[in-house]
Structure formats: C-alpha cells, structure tokens
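The values are calculated or read from the model by the stated rules, or taken from the named source; none is laboratory data. Keep in mind that what you see is a predicted model, and the values were worked out from it rather than measured. Here the Cβ is made from the backbone with ideal geometry for all residues, glycine too, and neighbour counts use every protein chain on show.
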Amino acid sequence: MSKFTPEQKRIAFELTQSPKSVEDLNKLLGMPIGELNESLRQMVKLGLVKVDGYPPKYKLADAVIEGVIKRKEIAENDPFELRLKAVIEIKAVEEKFLKKHMDEIEGKLKKQKVLTIYDIYRAPAEQQGDHYSAYLEVNLSAKDFMATVQFMYFFGPTSIEVIKPQKITLAMGDLQDALMEMAQMIQSYNQAMLKSMTKDELSEFAKNLYMPTADEK
C-alpha cells in the first residue's frame with residue numbers, strides 16, 4: 001500500500017468517519033481548497049480514495065479501511081508501550097536481489113517476539129548509478145530497551161523516531177543488560193572489521209579513533 005503524506009493522513013482520518021466532500025474537508029481541516037483538491041487527486045490516482053455521487057464525495061478505499069481496522073486491532077492487543085517508527089535502507093547490485101533482501105528483512109521482522117509490527121511500507125526500488133536502493137518504513141512497538149538495542153543492531157535502521165510514550169522509566173536491570181549487550185555487539189563488530197584491515201589501515205583507523213576532540217586540545 002502506498003504511503004500517506006502528512007496532509008493525506010489528516011484527510012484519511014476524517015474519511016474514516018464517513019464520506020465527505022471537498023467543502024466538508026475544508027471546514028474540518030482548514031486546508032485551502034486547492035491543496036485539498038491536489039491531495040485528493042493524488043490519493044485517487046494511488047487508489048487510496050474513491051469518489052462517489054454528485055456532488056462528489058470522497059471515501060477511503062476498502063483496502064485502506066481494512067488496514068486502519070487491522071492497526072486498531074493490533075494496538076488493542078499490543079502488550080508493549082514503546083512505539084517506534086524506523087527506516088531501513090537496502091541496496092543491491094540488481095533489482096531482483098534488492099527485492100529478495102527486502103523480503104528477508106520483512107520476514108525476520110515479523111518473527112521477532114519482542115517486537116510488534118503494525119505495518120511496513122515498502123518504497124519502490126530506484127536505480128542509483130551501478131546499484132539499486134529502496135527502504136522499508138516500519139511502524140512497530142518494542143518490548144523494552146533491550147529489544148530496541150537488538151533491533152538497532154540486527155536491522156541497522158538509518159533513522160528511528162520514538163512515537164510514544166513521552167517519558168519512559170528504565171529498570172536498572174534492563175538498562176544494565178541492554179548496555180552489556182550493546183558492548184558485546186560493538187566488540188564483535190570491531191573485531192570483525194579489524195581482521196579485514198591492513199596494517200596501514202589499522203594505523204590510520206587508530207589515529208582517527210583516538211584523535212583528541214576540540215575540548216581536549
């Protein structure tokens with residue numbers, strides 16, 4: 001399913017209640033008529049919205065309504081409070097390998113017992129020079145800080161946003177376990193990286209790694 005823009009999300013929220021005309025949406029949202037018409041035109045083009053009757057009224061496509069209902073059901077049964085949105089970028093030399101890699105990542109995400117996946121948006125592949133790239137935008141919740149650390153390490157998102165809660169309290173044991181896990185992951189990564197470097201590369205790496213900061217000079 002295509003991804004909503006922020007403006008389209010506002011429109012979609014109003015349309016979940018009932019079909020509405022452009023005038024209805026203008027009164028509810030305070031968006032200019034021209035901007036509304038353009039957003040609705042794009043939503044119709046993408047199959048997210050349908051138009052019925054005269055004067056025309058807009059309503060969400062059945063697939064979108066099903067998605068909203070599904071996310072609501074997931075939220076009602078979700079035992080985890082920490083809600084996140086993450087972007088995972090993928091690159092490959094061929095488009096078929098890119099799709100395969102995306103399938104594998106999506107499958108692994110859905111198998112994680114410490115994560116609840118609300119939805120995954122798959123961006124279309126784009127050719128960039130000699131390779132293809134795309135990304136997954138994942139709306140999820142995590143059991144605890146440890147689960148978040150593991151998600152960050154094993155799936156390597158390029159960006160992550162905390163949706164809720166506004167504040168979180170960490171038990172000392174959870175924080176301690178997560179920090180130890182993070183330390184072990186970093187050490188494993190460093191060892192693997194160092195083994196593949198030449199003597200000169202190691203020397204340059206160490207020089208840059210321990211270079212004093214501006215405050216230390």
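Pull up the stretch 155-175, narrow it to residues that are part of a helix (DSSP H, G or I) and either modelled with pLDDT under 90 or of a type in the set (A, V, I, L, M) (or both), then point me to the one that is surrounded by the most Cβ atoms within 10 Å (Cβ to Cβ).
Step one: of the stretch 155-175, the residues part of a helix (DSSP H, G or I) are 155, 172-175.
Of the ones still in play, those that are also either modelled with pLDDT under 90 or of a type in the set (A, V, I, L, M) (or both) are 172-175.
Working: Met172: 7, Gly173: 9, Asp174: 15, Leu175: 13.
Result: Asp174.
Of the residues making up the stretch 1-44, those that are farther than 21 Å from Gly67 by Cα, among the hydrophobic types (A, V, I, L, M, F, W, C) and part of a helix (DSSP H, G or I) are Val22, Leu25, Leu28, Leu29, Ile33, Leu36. Being among the aromatic types (Phe, Trp, Tyr) and more than 20 Å from the chain's Cα centre (by Cα) holds for only one residue in Phe97, Phe80, and it is Phe97.
Annotation note: Cβ proximity below 7 Å between a residue of the stretch 112-138 that is free of Cβ contacts under 8 Å to residues at least 40 places away in the same chain and of a type in the set (Ser, Thr, Tyr) and a residue that is surrounded by fewer than 16 Cβ atoms within 10 Å (Cβ to Cβ) and in a strand (DSSP E or B) (sequence gap 6+ or interchain) occurs for no pair.
Quick check on the stretch 63-81. Is at least one of its residues farther than 30 Å from Lys113 by Cα, free of Cβ contacts under 8 Å to residues at least 60 places away in the same chain and loosely packed, with under 14 Cβ neighbours inside 10 Å? Break it down stepwise before answering.
Pass one, the stretch 63-81, residues farther than 30 Å from Lys113 by Cα: none.
No, every residue in the stretch 63-81 fails to be farther than 30 Å from Lys113 by Cα, free of Cβ contacts under 8 Å to residues at least 60 places away in the same chain and loosely packed, with under 14 Cβ neighbours inside 10 Å.
Pairs linking a residue in the stretch 37-54 that is over 9 Å from Gln8 (Cβ atoms) to a residue that is loosely packed, with under 12 Cβ neighbours inside 10 Å and modelled with pLDDT under 90, with Cβ atoms under 8 Å and 6 or more positions apart or on different chains, are Gly47/Ala63.
Tell me the residue from Ala134, Ala147, Ala178 that is in contact with a strand residue (DSSP E or B) (Cβ under 7 Å, 6 or more places away or on another chain) and in a helix (DSSP H, G or I), please. I'd like the intermediate steps shown before the answer.
Numbers: Ala134 fails: in a helix (DSSP H, G or I); Ala178 fails: in contact with a strand residue (DSSP E or B) (Cβ under 7 Å, 6 or more places away or on another chain).
Exactly one of Ala134, Ala147, Ala178 is in contact with a strand residue (DSSP E or B) (Cβ under 7 Å, 6 or more places away or on another chain) and in a helix (DSSP H, G or I), namely Ala147.
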